[in-house]
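What follows is calculated from the coordinates using simple rules that are stated; it is not laboratory data. All figures in this text were calculated on a predicted structure; none of them were measured in a lab. Here the Cβ positions follow ideal geometry from the backbone for every residue, glycine too, while neighbour counts run over all protein chains shown.
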Amino acid sequence: MTPRPSIEVAVIMRRERIDNRWQPWRWVLADVVPQEPAFGSEPRLLFKSDDEERWLHPGFKVELFRDDAEGYYLNVTTPAPCWFVLWRMEDEATVSDEPMPRPTMVSLSYHDAGRWLDAQETVEQVPAPADVVEWMRAFADEHYVIEPKRRKRPESFKPLQDRFGNPASVSTEKKFGGGGNE
């Protein structure tokens, strides 16, 4: 069995100052970059100023799955193909003095992003570079098969069934109760 196509990436998260007395900082996804050996395996501070910090989170493998070819096709056919990153805030400060965001998954699939959003996760996106978009497009072109639309039979022609799947009938006769004209 041949291995799945994959690439290694790192995620850059940015902490930026905002003008809000209740929350002076916020975290946002800054970029997804190709993994390099010099990145190591632990998050590290790349840049710090009074108004901003950038943290590198290395070591994410992005694989392309044949059964998700439609999700990649949907991504490459949009005006702005992108990376999708699921991240969560850590409960405890492990690398810095304060809680930090921890990216947990990176994908190129619209379906993955939709499932994560349905699960109430924090998902952000950044543009994917042209070489990654072409790689994804080649995979989607090879594996995605558009299913032909089938004509839907009108509801009026479907046989009636009860909730157990047994044939049902509809009657206009009144079977029980009520003081009608007799």
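Numbers at a glance
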{"quantity": "Selected residue (criterion: surrounded by the fewest Cβ atoms within 10 Å (Cβ to Cβ)) from residues of region 99-130 that are acidic (D, E) and touching a residue at least 12 places away in the same chain (Cβ under 8 Å)", "calculated": "E121"}
{"quantity": "Any hit, region 28-45, residues being in contact (Cβ under 8 Å) with a residue 24 or more places away in the chain and in contact with a helix residue (DSSP H, G or I) (Cβ under 7 Å, 6 or more places away or on another chain)", "calculated": "no"}
{"quantity": "Test: L108 is among the aliphatic types (A, V, I, L, M) and in contact with a helix residue (DSSP H, G or I) (Cβ under 7 Å, 6 or more places away or on another chain)", "calculated": "yes"}
{"quantity": "Count of region 143-175 residues which are surrounded by 10 or more Cβ atoms within 10 Å (Cβ to Cβ) and under 27 Å from Y110 (Cβ atoms)", "calculated": "2"}
{"quantity": "Total residues in region 5-27, condition of a type in the set (S, T, Y) and free of Cβ contacts under 8 Å to residues at least 24 places away in the same chain", "calculated": "0"}
{"quantity": "Those residues of region 18-39 which are under 14 Å from V126 (Cα atoms) and of a type in the set (G, A, S), in sequence order", "calculated": "A30"}
{"quantity": "Per-region count, region 126-169, residues farther than 23 Å from L86 by Cα, in a loop (DSSP other than H, G, I, E, B) and not acidic (D, E)", "calculated": "19"}
